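Report on the following structure.
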């Protein structure tokens, strides 16, 4: 990455226009009477632009986090030629979910969702959460204590969905990220800096979301997104 140009102009000497590499585009800085810059400094994934330079870059509050939203046409159950024998397909909000009764670790469940172009479910609001809970309970056999796609693996106490969308920062007394929905149990999540073994994957229980070790076996819910 380039720093996007050099500061130009000191003591009335005209600055030399230079180009800055980065997604922010080509920028120039011209200076008179000291350090000046109307174009701003271009840098890496964003640019400091405008008079005085406004900070730019990735917006973690955009859907999908750094990865952005999925722009493909949503898959419905009818679009799947094959549904695994331990899974049942349901639809909500015009896209497909698989509710799967096989017991897998978090990583294996995520892998199996990926075989069908899905991810472990991401819950965005109370209506979706209620639908998932009720659908899981009504399935025969019921899907209980199941993985959805929240994890803090590799970033203790910083929780994101598997598509990279952050939603919670901290332990039980932490904070929402960008006002996103959560439904933690009253004692969750635990503090990863003091809890052994580390509990950095999210499953749904009868009274809310809970964090448990990722290697434990759980049923799981996949979602197209």
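Descending by average beta-carbon neighbour count within 10 Å, the peptides 193-199, 105-111 line up as 105-111, 193-199, the highest first. Set the Förster distance to 22 Å, then compute FRET efficiency between residue 126 and residue 81 from the Cβ-Cβ distance, nearest 0.05. Calculated transfer efficiency: 0.05.
Label reach from residue 176 (point 7 Å along Cα→C-beta): in segment 198-212, amide nitrogens under 19 Å belong to 208-210. Taking packing as the residue-averaged number of other Cβ atoms within 10 angstrom, the listed peptides 153-159, 164-170, 143-149 run from highest to lowest as 143-149, 164-170, 153-159.
With the highest mean first, a sort of the peptides 203-211, 176-184 on other beta-carbon atoms found within 10 angstrom per residue produces 203-211, 176-184.
Every number here is computed from the coordinates shown, using simple stated rules; none is lab data. Quick caveat, the model's predicted, so the values are computed rather than measured. For neighbour counting, all protein chains shown are included, and Cβ atoms are generated from backbone atoms with ideal geometry for every residue, glycine included.
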